[in-house]
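A short write-up of the structure that comes next.
Every number in this text was worked out from the coordinates using simple rules, so none of it is lab data. All of these numbers come straight from a predicted model, not from anything done at the bench. All Cβ positions, even for glycine, are placed from backbone atoms using ideal geometry, and neighbour counts span all protein chains on display.
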Amino acid sequence: MLGNQIQGGLGTPGALSHAYVQHPPLRCDIPDIRGLFYDDANKFLIAPTADRILYWKTTLSTPSGPPNSDPVNEGPVLSVRYSLDHKAIGIQRSRHEIEFRNRETGETCSKKCRADSETILGFFWTDCPTCDVILVKTSGLDLLAYEPQSHAFHLVESKKFNVSWYLYTHESRLILLASGMQCTMFTGYQFSAGGIVKIPKFEMMMSKSEANNKPVLAADDVHIVTVYGRIYCLQLDRVSMSLNLYRFYRDAVVQQCTLPTYSSRIAVSAVDNIIMVHQIDAKVVILYDVSLDSYAPVSAPLPLLVRGLPINSRQVSQTADSQSSAYGGTIYGEGWNFLIPDLICDAENGLLWKLHLDLEAIAASSSDAPSILEFLQRRKSDPSMVKTLCLAIVRTIILERRSVPTVAKAMDIVLDSYTRLMKMGGAFPGVRRTHEQNQQSGSQPNEGSHVVSQESSPGTAVRPDVNPDQASGAVNVSVQSNSGVEHAIDSISSDSADNRSDVVDKRHQAVGEASRPLSSGTLTQHGQHAGTVAISPIEMFQSVFTLVEDEMMGDPAYLIAVITEFLRSVSKSGLKAPHNLYVMMATLLARSNRYAEIALFVSNKILEPCKELAMQLMELGLQHPPTRKLGMDMLRERGLHHDYVTAMLQEGYYLEALRYARKYKVITVQPALFLEKAVAKNSAHNLAAVLSFFCEFTPSFKTTSDFGRYRHILSEMV
Amino acid sequence: MGLSSAAAGDGTQLCVFDLRRGQQEGQELDKILFFHPADCPILLQLSVIGLCEGIVTFTRIFSPEEDCEVIESEKHSHVFYQAETDIWMVLVVEKNKENELAWRCNALHGILKEAHSLFAMFHGPIRTLLDRQPSAELARGHLRTFITDYLSDFNVGKKLQFPTYRDSLKERGTVQMLTVSREVALDVQSLTTVLGSCLGNVTCQSLVLFEDLLVSTTLPPDDTLNLYTYAVLRLTPRALYANASSWSYLRKGTSVSAGPTSSSSNGTTAGERPLLRDNLSKGKDGFVAADFAATEARGAVPLTPILWFQQAEERMYLCIYQHKSLTILLLVPASSLINGEEGIAHVKKQMLENASQKIVTVEQKLTRGWGGENAYHVSGYRYLLVDPERRISRASPPGKVTTLAKDSLLALNMLRQEVDLEKSRYKRGDPCHDKDFEACIRTKNNAWVIAKISRGRELYMALEKGGETLLYASTAVEKFSNRYCEGAFSTD
């Protein structure tokens, strides 16, 4: 059935894509609602009706079912934001008024501005220690503190300057305020739990089309994006059709690069620390991983797919159009609004989608195994998938007999990642847990809200943060200490060092410490899944080496070289290799008749001494006595007395074995075994010696049947 | 003049002969494949070889399985070695009062064995040469140059100086290993992998040496030993840059004494005279090769020698690369290299491209961990550790051994002679069962000389200025064993 193909969405062969949304979406097309708003601080999708506010918690794994609701006064709604502790709701009623409602008592109060000289652009709640709500007005910022008892606000500070429009994301805690003729001059503040940081003024680049035509930068063309705990800003230059990427530091804003675009409209999402740039006109998405400051796309531009659509036998092909009709909307349609960080709200159809990366497809799209492994190890969204993919990649490159240095590099990456993640997990377990809790529950206790809709056309537009015409409000937040959202701030000078672990370390240093990159709260996710993405040496052994061993029988030398490189990586990372890997290596060497190298590897400890290996050497040594000797020596050196005595006996060194047994008090080996050897030697002399030894060594020996039997044998020999 | 007359003076003779040749009356001369000194009168040569042949034949009556090893006469010792079936090498050394106790038969035996092993590595078995050219011109030519070059190392003044009691804490025919940490060992192994892949599909073998010590090998023990011996004799930095003064005055005479031979009369190549000192030098590319500028070059490109590895059963090209103290011997299977020198050039290029970085790193790490000449000195002990099975030994540094009194060394030499006898006696009885053995002897000068064999491994030591009880001696051994031999010689 043709329809079957559609069902698979991204996973279907032939439907190439690296990002997808999962069907079914959250349906929020409730009648009577007057638009949809998004509160990015709490990740609430909010739909006001005439006298109520309905909201869905989008962070729940399955945000479905009926929304929660709050009664409110009637009136127009320009934006809604819940306080960060969820105790109050801020509702922007007009360009001059914001109403705050205490959810417990139902008390309300209003904050108004002078109608003649200024308008309210918006507001948001903050976890900054000195204030709770930030009010953004055309004349500047008002920092307000909230007093829950009296349900009142008082002005803490006013910052005066002209604002054309602004941009704020709770994730970054960063507000950008545009001013100037072309709206390219920016003032920025970061309102974080660590305090307020003023970003130096900067100007964004705008190409000129004609001599006297000066384009004005629109809020829609600027996007704040937070990945790896760093804050970036993407600015679309419509004239040159390019995208400028800036990175924020405490003391500077630095343009990193210019990315190409294929659309006059773009949207930006961040999924699992990957920046997704949606080329809306072209209906494709380009992925960037800026972790190592590389700005090359992860893969070619590919369409966004809908996964898991129900079977529809009438569907003939799986083009974007047919997918659209299957779910009843258009991919990258007019009604799509991109919510921070990874949601899409189809306001026309009342649907909420969550963006996902198709790691499998991305992994399959490149043959550069080391860099794909690096990429995968940085992902957090689907740890078990990451792990499975990584193991499969390592297996594949071994089976394909890629050059040993390539395989070595790949294994290095896997183990480096393992050590790093273990270190992070092990060093700050308590802290990590705190972050996790915040991550899971952090969105619930607090409020703050964001615009999502246009008054004029309810139920259509969900807008990102900024709306020059409308306002979104700012309010406050009770300061949550250690909320996993501290914003460490670095200077450019230490930029190179800001890999993830660094960032984590830094967060434990004073938050306000200067000279660090401006970072935001997203990094909380790190460590959360650390234990599951990481691949331990034992897993490498079980899921790679044991599985490829059979297929590599034709070329043991290659596998030996690979294992050597693996041992090198393991040792470099300060880890321990599983003993069975040594057994495997010794076996492979013996099979290739490379006994001399076994001896070399044992003597320089490339094969570390252990019982498993010792036993295997004894076994392999049946064909090669010197190797057997290596095994016996290893037993002795490891102090495995019982096994050593048994081995000596097997070799026929029963007198030596006796001496050894006496010295190390080995009583677990049966006397009969020694006696039997002496009998086999047909030496009455030796048999008598062994008998008398046991009489002395084990007092109870005289009472055993062995004693009687062998004494009889001895008497017959003499 | 030259080597021959110098050597003749001390009455030392070394001959190689083939019992299958010259069995007809009047053709006895045909048996002789090599005789040193070369200017020895033919009649004397014939009489020496006649005597040796007679002894070999006679002793076979009593001992058909085991070869005659040595004949001691009043004035001479004859040391026998059957190098290949019916091809014998005999070393005759003259006795005098001064050196009566000086030699150990096994040490002399080791020289013959080493000479033959090296010869076979470069030229193949003598028998093969004889079969290829029954007139024996080829074999005689190679033997003459090769053994003469080999013996040059034993020249002291005008005499051939063979190992004496002073060398009783040395074991010829063993490899000395460098002890490295696991981390470095893994780095070296990683380098070995890269070296192995220089040819693409076929694996190249390699030996890595640091100074005069072996770091890693992929060859079986016997082949490793031969190549290692050659490397230490001629290739390591110390061997390469040591212009042995004892040799230089003879340089001129070498080709004369070697004489014109049918195959190599038109000059020599590295392949034909691998042991000729000054023949080799390190080039700008880091590879060590025959230096034709120094000899009578005919505009020829230096040829890469092809070596025969008996245990690996393969002929391989030998490329020598040197970086500071690190010497890498890369062996390229001859059968896999169709286009000869051109292929070698390609392999060398590959090696430089892929391995240079690793070579530099490994050299640095080894240098950092290198304890110098006296790295393996254990204070208070003068020792020799031998693992005959793996052909490995380790000993007190020569500089420390020289501090021993003559009496201690003589006693140790005697003891070793005894142990050698004991070993061969026991080996005849039960070849696959190791016999443990221990002897501690108090010498005239109140030193202890000790020999201990445990599970096939041998430990010899001399302790001077120690306590006088046997307990002292055995405790000293126990301590040494636990500390440096992982308990291999500890008393059970």
Distance violations [Cα-Cα > 25 Å] among A:57/A:198; A:137/A:208; A:160/A:198; B:75/B:423; A:576/B:365; A:576/B:348: A:57/A:198; A:137/A:208; B:75/B:423; A:576/B:348
Nearest-0.05 FRET efficiency for residue B:55 and residue B:159, computed from C-beta distance (R0 35 Å): 0.85
Built amide H within the under 5 Å cut-off of residue A:299, gap 5+: A:287
Whole-number percent relative contact order across segment B:13-167, with pairs defined as alpha carbons under 8 Å at least 6 apart: 20
Contact order normalised by residue count of segment A:572-718, Cα under 8 Å, 6+ apart, percent: 13
DSSP H segments from chain B that extend 24 Å or more along their own axis, Cα-based, with Kyte-Doolittle mean of 0.0 or above: B:42-62, B:105-123
Net charge of Cβ neighbours under 12 Å - reference residue B:79; Lys, Arg +1; Asp, Glu -1: -1
Charge dipole magnitude, Cβ of K and R +1, D and E -1 - segment B:13-167, Cα centre, debye nearest 20: 320
Calculated FRET value between residue B:172 and residue B:445, using beta carbons and R₀ = 25 Å, to 0.05: 0.40
Peptide-level mean, for A:557-565, of C-beta atoms on other protein chains within 10 Å: 3
Cα convex hull volume per residue for segment B:13-167 (Å³): 127
Distance from segment A:546-598 to segment B:427-454 (C-alpha centre basis), Å: 39
Neighbourhood net charge (12 Å Cβ-Cβ; Lys/Arg +1, Asp/Glu -1) for residue B:331: -1
Quarter of Cα convex hull surface for segment B:383-485, i.e. mean projection, nm²: 6.6
Residues A:181, A:206, A:385, sorted so that the one with the fewest Cβ neighbours within 10 Å comes first: A:181, A:385, A:206
Average partner coverage of A:598-609, which counts Cβ from other chains inside 10 Å: 5
Distance from segment A:343-380 to segment B:338-374 (C-alpha centre basis), Å: 44
Global size of segment A:633-682 as Cα Rg and Dmax, reported in angstrom: 10.3, 33
Proximal aspartates and glutamates relative to residue A:423, as straight alpha-carbon distance under 13 Å, when same-chain residues fewer than 8 apart are discounted: A:502, A:505
Coil-residue trypsin sites (Lys or Arg not before Pro) of segment A:123-165, DSSP, other Cβ within 10 Å capped at 11: none
Residue order, fewest to most surrounding Cβ atoms within 10 angstrom, among A:113, B:40: B:40, A:113
In sequence order, calculated HN-Hα J values of segment A:75-88 (Karplus, 6.51, -1.76, 1.60; Hz; x Gly/Pro): x, x, 10, 9, 6, 9, 9, 7, 5, 5, 9, 6, 8, 9
Estimated FRET transfer efficiency (residue A:68, residue A:161; beta-carbon r; R0 30 Å; 0.05): 0.20
Mean separation of Cα contacts under 8 Å, 6 or more apart, over the residue count of chain B: relative contact order %: 13
Longest to shortest principal axis, alpha-carbon extents of chain B, angstrom: 69, 64, 43
Expected 222 nm ellipticity per residue - DSSP helices of 4 or more, -39500 (n - 2.57), all of chain B, to 500: -12000 deg cm²/dmol
Relative exposure of B:219, A:399, B:51, A:389, judged by other C-beta atoms within 10 Å (fewest first): A:399, B:51, A:389, B:219
Reach of residue A:283 by Cα under 22 Å, taken over lysines that are not fewer than 8 positions away in the same chain: A:354
For segment B:87-92, Karplus couplings with θ = phi - 60° (6.51, -1.76, 1.60), whole Hz, Gly/Pro x: 9, 10, 10, 10, 10, 10
Calculated from backbone phi, Karplus (6.51, -1.76, 1.60) coupling profile of segment A:566-577 in Hz, x at Gly/Pro: 4, 4, 5, 4, 4, 5, 4, 7, x, 9, 10, 8
12 Å beta-carbon shell around residue A:158, net charge (K/R +1, D/E -1): 0
